[in-house]
1. Scan I183, I252 and give me the residue that is crowded, with 16+ Cβ neighbours inside 10 Å, on the phi < 0 side of the Ramachandran plot and under 34 Å from the mean Cα position of the chain (by Cα).
2. Answer with yes or no whether I167 is out of contact with any helix residue (DSSP H, G or I) (no Cβ under 9 Å at 6 or more places or on another chain), open to solvent by less than 60 Å² (accessible area, probe 1.4 Å) and under 30 Å from N239 (Cα atoms).
3. Against the condition without any contact (Cβ under 8 Å) to a residue 12 or more places away in the chain and over 24 Å from Q265 (Cβ atoms), how does S186 come out, does it pass?
4. Residue by residue through the range 176-195, note down the ones that are outside any loop (DSSP other than H, G, I, E, B) and over 14 Å from V113 (Cβ atoms).
5. Would you be able to tell me the number of residues in the range 240-291 that are out of contact with any helix residue (DSSP H, G or I) (no Cβ under 9 Å at 6 or more places or on another chain), of a type in the set (K, R) and within 19 Å of Y334 (Cα to Cα)?
6. Determine whether the range 141-149 contains at least one residue that is touching a strand residue (DSSP E or B) at 6+ places or on another chain (Cβ under 6 Å), of a type in the set (S, T, N, Q), open to solvent by less than 30 Å² (accessible area, probe 1.4 Å) and part of a strand (DSSP E or B).
7. Tally up the residues in the range 196-210 that are touching a strand residue (DSSP E or B) at 6+ places or on another chain (Cβ under 7 Å), part of a loop (DSSP other than H, G, I, E, B) and not polar (S, T, N, Q), please.
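The values are calculated or read from the model by the stated rules, or taken from the named source; none is laboratory data. Here the structure is a predicted model, which is why all the values come from computation and not from measurement. Every residue, glycine as well, gets a Cβ built from its backbone with ideal geometry; the counts of neighbours run over all protein chains shown. The area values use the complete protein model at the heavy-atom level, side chains included, leaving out ligands, DNA and RNA. Shrake-Rupley method; radii C 1.70, N 1.55, O 1.52, S 1.80 Å.
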Amino acid sequence: MKKTKKDINEIKKIENVEELEEIEDVNPTAIIKEKLSEHNFFFVHFMKRLKTDKFYLFSFIITLIFLCIVGTVKVKQSDGVLYKKDNKTPEVTNSNDTTLTPADETKKEVVDVTDYVGTYSKEFILDNVINFGENCSVDTYKYIYQIQADGKITKYFYNSCIGTIKIWEDTFKYNNANGARYIGTSNMNFTFSTNKIKEVDGSTFKIDKEISTIKESKNIDEIDISFYGNSTVIMTNTNLLVINNDKVSSPIGEEYNNNGGNLTQRFYKSSNEYQYNFIVFNKTVEEVCDESNTDDENELVYTTYSIRFDSSSDNFLEPKKVVSRTKSDSCKNYKKDIANLKE
């Protein structure tokens with residue numbers, strides 16, 4: 001007998017009902033007890049294995065220790081990462097306009113001075129003539145700046161009689177001062193214009209096309225030249241001279257005039273910076289150790305002095321007496337005193 005579509009649907013309904021009845025017949029509490037029984041069996045078996053098998057127990061303990069160590073390390077690493085993140089210095093953005101450049105950026109910047117390459121000079125006419133021997137008279141001198149394409153700047157002292165002496169050398173960089181940005185060096189800032197450069201708070205130097213090359217030279221060996229601030233100090237065998245722009249003077253007054261000693265040199269530059277030493281003979285003495293001289297043993301023969309240049313005032317301080325010698329002690333101390341002048 002052929003089953004119709006309706007008959008088939010009726011049969012399926014009956015089967016579903018039977019299945020449902022079978023499910024309803026199953027007790028849920030029994031299922032839970034069965035599962036717990038299986039779990040308890042595993043736990044009981046595991047505990048018995050730990051008690052009876054020492055190798056199994058040892059392996060289990062090693063495993064627990066390993067897991068504890070790994071867990072501790074992971075936690076510490078996580079804490080460290082969080083700590084670093086929490087303590088990261090926030091970047092501060094300054095929205096205010098400024099002409100200043102941060103120091104790190106300033107150091108990295110390359111100063112382009114190709115437009116200012118050349119030799120610049122300023123001439124000074126002295127108010128007094130300086131004579132060095134019979135053949136050298138100085139009434140003018142120049143300060144010279146030489147700028148090269150690689151950013152190097154060199155300052156010189158120049159006089160046709162004395163020679164060309166380097167004062168200092170440096171490399172251009174950007175400097176920030178009082179809200180303004182300058183091209184400068186470690187100790188000097190400049191402003192630039194057509195064929196001119198100007199020291200900030202200083203002199204203006206013009207392009208000098210008469211100077212094609214610069215070669216260092218010192219034409220008078222007997223003099224020592226030092227440069228302190230805006231002053232040029234010239235030490236000769238017999239005197240100290242200070243040149244400041246167009247002024248020339250000596251810090252050694254008439255009270256320190258030498259009256260003897262038959263010396264070729266009585267001024268010495270000390271190893272102490274800014275200091276000079278000199279000796280003054282009180283009377284005409286050809287030889288300090290002249291035994292034929294029967295004058296008073298307490299008569300003053302010579303005195304030694306030191307004098308220092310003060311950079312803050314850009315001038316010399318007053319001389320200070322070091323030691324005075326009489327006829328009685330001058331002979332035995334003279335060589336030592338002269339040696340001390342050179343120190």
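1. Values: I252 fails: under 34 Å from the mean Cα position of the chain (by Cα).
Only one candidate passes the filter, namely I183.
2. On the way: out of contact with any helix residue (DSSP H, G or I) (no Cβ under 9 Å at 6 or more places or on another chain): yes; open to solvent by less than 60 Å² (accessible area, probe 1.4 Å): yes; under 30 Å from N239 (Cα atoms): yes.
Judged against the criteria, I167 is a match.
3. On the way: without any contact (Cβ under 8 Å) to a residue 12 or more places away in the chain: no; over 24 Å from Q265 (Cβ atoms): yes.
Spelling it out, it is not the case that S186 is without any contact (Cβ under 8 Å) to a residue 12 or more places away in the chain and over 24 Å from Q265 (Cβ atoms).
4. Start the filter on the range 176-195 by keeping residues that are outside any loop (DSSP other than H, G, I, E, B), which leaves 176-177, 180-184, 189-193.
The answer is N176, A177, A180, R181.
5. 2
6. Filtering the range 141-149 down to residues touching a strand residue (DSSP E or B) at 6+ places or on another chain (Cβ under 6 Å) leaves 141-147.
Okay, now just the ones that are also of a type in the set (S, T, N, Q), so 146.
Those still in the list that are open to solvent by less than 30 Å² (accessible area, probe 1.4 Å) too: none.
No, there is no match, as no residue in the range 141-149 is touching a strand residue (DSSP E or B) at 6+ places or on another chain (Cβ under 6 Å), of a type in the set (S, T, N, Q), open to solvent by less than 30 Å² (accessible area, probe 1.4 Å) and part of a strand (DSSP E or B).
7. Of the residues in the range 196-210, 2 are touching a strand residue (DSSP E or B) at 6+ places or on another chain (Cβ under 7 Å), part of a loop (DSSP other than H, G, I, E, B) and not polar (S, T, N, Q).
This table checks each residue for (1) under 38 Å from the mean Cα position of the chain (by Cα); (2) more than 23 Å from E222 (Cα to Cα); (3) open to solvent by less than 30 Å² (accessible area, probe 1.4 Å).
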site: K247; (1), (2), (3): yes, no, no
site: N257; (1), (2), (3): no, no, no
site: Y274; (1), (2), (3): yes, no, no
site: V288; (1), (2), (3): no, yes, no
site: N298; (1), (2), (3): no, yes, no
site: L317; (1), (2), (3): yes, yes, no
site: V322; (1), (2), (3): yes, yes, no
site: T326; (1), (2), (3): no, yes, no
